[in-house]
Amino acid sequence: MNSRMYDHLTLISGRAHPKLSAEIAEYLGVTLATVDISDFPDSETHVKLNQNVRGRDVFLIQPTGPSANQNLMELLILVDTCMRASAERITAVIPYFGYARQDRKDKGRVPITAKLVANLLDTAGVDRVLTVDLHAAQIQGFFDLPVDHLYAAPILDNYFKSKQIPVDEMVIMSPDEGSIKRAMQHVENLGGSLAIVDKRRSSATDVRPANVIGGPIEGKCALIFDDMISTAGSIVGAATVARRLGAKKVFVGATHGVFAGPAVARLNEAPIDEIVVTDSLPCPVEGKIDRLKRVSIAPMVGEAIRRIHRNESVSFLFGDASRLD
């Protein structure tokens, strides 16, 4: 790409996921800005930019996954640094938006932390947000600034298309009622039938599948999609149900691989043939989970940054991801 089109673009990476930041910079054909980020002995974060960002269009790349508090605070400090250094526009590129599951009051005397995070970013000086697969799309409404919400479904679908599973042998499974819309989008792109697992949650970490609606599943290849794999309770429950109902193969696809708590043990013991996640988060458990495959969102995010910088539409990215290859 012509580097002159990026004369006023600056990419800055936090410490949360430097590998993804480097891949995005490589896609754009630019160099990441040099920045010193360190921790004082009392654990406070210190940031020092080593180049001029006055009048620049700055993109700060920092998923706010584990450790969520540290990565979020580091992002806020980076925003404040760029704002005080007179950046013209600051876009927070948050491939994984932490606290997104705390998006409503489901009982008394609890916070809506996703809204709090939106307020913090706005107050710090963010001009717009670029993120991927929010847990609830309505979180965009928590912001009083533009939000570009990308979807990794085309990337995951492209991967499963390469397996050339016959449409009449494929069933797309939603692991719970909340993921039905996502599953239907995969059906539209991949074909196959739709099945929905009716799950029952007894605690924050214990989820039990109850019934299955739709199908049939017997003799089919079951593809189970979700926005994230955290403790893996929902995914493993759905995979177990699929096998019990006679699925000959079970594949899992998710955007965010959080892999918290008992996830590694659960996934290794589950009757799953392959687990596919994007690189929206670093993967400290890589090599510890059998049959794990990672696909890159760097071209999609890089193209979104290019289009935002040039004030072009990003709706191009909602189609076939192969156009970014």
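What follows draws every value from the coordinates through simple rules; no lab data is involved. Only a predicted model underlies this, so the values are computations on that prediction, with no experimental measurement involved. Because the Cβ atoms are built from the backbone with ideal geometry, glycine has one as well, and the counts that use them run over all protein chains shown.
Structure notes:
- Using R0 = 22 Å, the C-beta based FRET efficiency linking residue 123 and residue 19 works out to 0.15.
- Environment charge of residue 192, counting only residues whose C-beta is closer than 12 Å and scoring Lys/Arg +1, Asp/Glu -1: -2
- Folded to 0 to 90 degrees: helix 68-84 orientation relative to the chain principal axis, Cα: 30
- Structural size metrics of region 153-295, computed from C-alpha coordinates, are Rg and Dmax of 13.7, 38 Å.
- Relative packing of 285-294, 241-250, 218-227, which averages over residues the other C-beta atoms within 10 Å, highest first: 218-227, 241-250, 285-294
- In region 1-129, Rg over Rh equals 1.00, where Rg is the alpha-carbon radius of gyration and Rh the Kirkwood radius from pairwise Cα distances.
- Sites matching GluC sites (Glu not before Pro) across region 42-121 that sit in DSSP coil, with at most 11 neighbouring C-beta atoms within 10 Å: 44
- Spin-label model distance (nm) - residue 167 vs residue 184, 7 Å beyond Cα toward Cβ: 1.9
- Percent of beta bridges antiparallel (DSSP, the chain, rounded to nearest 5): 20
- For the chain, the longest principal axis of the alpha carbon atoms and the long axis of helix 113-124 meet at an angle near 20°.
- Rel. contact order, % - alpha carbon contacts under 8 angstrom, at least six apart, the chain: 13
- Protection proxy ranking of 89-102, 304-317 - average other beta-carbon atoms within 10 Å, highest first: 89-102, 304-317
- With only the Cα atoms considered, the chain has a convex hull volume of 139 Å³ per residue.
- Gain on full extension, evaluated as 0.36 nm per residue between residue 193 and residue 145 minus their Cα-Cα distance, stands at 13.4 nm.
- Counting every other Cβ atom within 10 Å of each residue's Cβ, 212, 53 order from fewest to most as 212, 53.
- Least to most buried among 256, 46, 8, 135 (fewest other Cβ within 10 Å first): 46, 8, 135, 256
- Beta bridges per DSSP with both ends in region 153-295, % antiparallel, nearest 5: 25
- Subset of 161/248; 107/181; 181/248; 19/48; 19/248 violating a 28 Å alpha-carbon distance limit: 19/248
- Label separation (residue 73 vs residue 288): 2.4 nm, computed from points 7 Å beyond Cα along the C-beta direction.
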